Amino acid sequence: MAQNSQPNRSSPRVSQFQGNKNLNASSNTEREFELVRESMHSAISMNKTEVLDSVLNDFSEGYSSLDHENRQRLLLLLAKEYDLNRAQVRELIKQYLGLEVPSGLGENAESSTGVEDEALLSAFYRIERNLRHALKPVYEVLFERLNTHPGGLKVLTVLRADILSILAEENIASLRALDSYLKEKLGTWLSPAALELHQITWDDPASLLEKIVAYEAVHPISNLIDLKRRLGVGRRCFGYLHPAIPGEPLIFIEVALLKDVAQSIQEVLWDDPPIPECEATCALFYSISSTQPGLSGINLGKFLIKRVITLVKREMTHISKFATLSPIPGFMQWLLSKLASQSKLAEAEYVSLSSVDSSGSAFWENILEPEEEKALMDLSEGVATGKNGMEVMLNLLNSANYEWTNSSELLSALRSPLIRLCARYLLQEKKRGKALDSVANFHLQNGAMVERINWMADRSEKGLRQSGGLMVNYVYRLENIEEYAQSYFSKGHINASADLHRLVKLKEQGERTD
């Protein structure tokens, strides 16, 4: 059939029909939003227990059916219209400040003995009680009621995941306050006492195993054979379950039982049979994954690691080492940014690579050692290009398909600077006094120490993209866990092996000598 070359003009009737269709769809969406809004209001304001479950069901089901835009509308409404009553708070504070402190009482209420003092003290207690109540936002009622409602805890994690998604796009003060309050509540409700430690095995229901495959975030599970290996001899998998979210671990950790601390992920994701478990001396944590985006920032992993260490130590007394083989997700981003900025500064007229005088830029720093600079510049005559060592290194690391990993010559030239700069990144680069790298911060605040950086430990595309193939071992020494966690929390002190400290100190000494 020949194509119609005439313009496709819709008839007035067709245009009107499409317009009515769009109007009806918009009306239906708005009606759905209003129904969810009404059920949310009822869930907060209603006190009739016999119908409250039905209302909470309506809200949960209705919220799940809303699109992203309407979820955002509802959450903003919840944050602003169901916040605390600030006029009441201000009035109570005014009353509190207006009370006269009984003579001789000062701030020590317990020393009061007179009748008048007791009356004044009662007034203090009454206003303080009212103030505590007034400082609770109204939306707390919704959170509390959902937490005790079947399926409600899961709804709360979805709510928070949506809040975090909105905040990632726009920093809204009222929504940030809503998130902070809900995060605090979830942290309380998900205390270790409320969680069940479960060893996940091949005999668990298929629905649970499917979630392990779906949520594995560090080293993807390729197939059922791979999954069976990770749950078989020489391997363990533990997860935290909550009664309110049955059959779905909130977080899980994978463990390899080895003769010694592994230096590459290839040793862990093996193809050969594992060693007999009785010969193992090391329990290696090689993957920890959270399954609920809405629990971000709630450190369930800290409690999980400690409980797993306790359990393994009790059941397998021959295990004496507890360590990780961890990714370094922020390293390559930091390094490439550093190389790019320093290479540009090096090209400026006031910077000379051979000698930097007092007129040089205060921001310029040659992050390479002299021997590393020479090795990289020697390459520039053949396989790599660049005006200085940092530019050569930047070009190599940015090469398509990570071609540098296929050359023994390039690997040899890059090994020393990559490991040394990674040590600097892990031990010295900080944000708000804590390790810049997210995984490092996680293990350090749990009481681990940085033991060893491993060369070409993860050659996967993800491993090369994130860290140039490097991985790091964090070690948990049972006798030092609490001490290390406290020193990191209070002072930002990072405990590390002598070898890693030496790598960093050598550079510091070189800078002082210059």
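Here are the numbers for this structure:
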read-out: Using alpha carbons only: equivalent-ellipsoid semi-axes of segment 444-491, gyration tensor based, whole Å; value: 28, 11, 7
read-out: For the chain, with +1 on Lys and Arg beta carbons and -1 on Asp and Glu, the positive-most of 120, 72, 285 along the dipole; value: 72
read-out: Radius of gyration and Dmax over the Cα atoms of segment 251-315, both given in Å; value: 13.7, 40
read-out: For segment 227-353, projected area of the alpha-carbon convex hull averaged over all directions, nm²; value: 12.2
read-out: Fraction of beta bridges assigned by DSSP in the chain that are antiparallel (%, nearest 5); value: 85
read-out: All-pairs Cα distance distribution in segment 44-83, expressed in whole percent, bin size 10 Å; value: 26, 46, 27, 1
read-out: Whole-percent carbon and sulfur share, accessible surface of the chain, 1.4 Å; value: 51
read-out: Charge-dipole axis of the chain as Lys and Arg at +1 and Asp and Glu at -1 on Cβ define it, positive-most pick from 320, 237, 89; value: 89
read-out: Point-charge dipole on Cβ atoms (K/R +1, D/E -1) for the chain, about Cα centre, debye to 20; value: 520
read-out: On Cα atoms only, tilt of 152-169 relative to the major axis of the chain in degrees; value: 60
read-out: Spherically averaged projected area of segment 39-197 from its Cα convex hull (nm²); value: 13.3
read-out: Entries of 80/430; 387/431; 154/183; 136/183; 302/430; 338/462 with Cα pairs more than 24 Å apart; value: 80/430; 387/431
read-out: Cα pair distances in segment 391-514, grouped into 10 Å bins until the bin that holds the longest one, percent each; value: 12, 39, 32, 15, 2
read-out: Sum of side-chain charges, residue 72 neighbourhood, beta-carbon under 12 Å (Lys, Arg +1; Asp, Glu -1); value: -3
read-out: Pairwise centroid distance, computed over Cα atoms, of segment 241-267 with segment 401-451, Å; value: 23
read-out: Folded to 0 to 90 degrees: helix 173-189 orientation relative to the chain principal axis, Cα; value: 90
read-out: Selection from 450, 395, 504 lying farthest towards where the dipole of the chain points positive, charges on Cβ; value: 395
read-out: Expected 222 nm ellipticity per residue - DSSP helices of 4 or more, -39500 (n - 2.57), all of the chain, to 500; value: -17500 deg cm²/dmol
read-out: Long-range Cα-Cα pairs in the chain (distance over 40 Å), rounded percent; value: 46
read-out: Computed P(r) (all Cα pairs; segment 145-303; 10 Å bins; percent); value: 10, 35, 30, 17, 7, 1
read-out: Kirkwood hydrodynamic radius (C-alpha pairs) into Stokes-Einstein, segment 245-287, 25 °C and 0.890 mPa s, D in µm²/s; value: 208
read-out: Residue-normalised accessible area of the chain, given per residue in Å² at a 1.4 Å probe; value: 54
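The values are calculated or read from the model by the stated rules, or taken from the named source; none is laboratory data. Predicted model, so just to flag it, every value in this text is computed and none were measured. Cβ sites come from the backbone with ideal geometry, for glycine too, and all protein chains shown count toward neighbours. Only protein heavy atoms, including side chains, enter the accessible area calculation; ligands, DNA and RNA are left aside. Shrake-Rupley method; radii C 1.70, N 1.55, O 1.52, S 1.80 Å.
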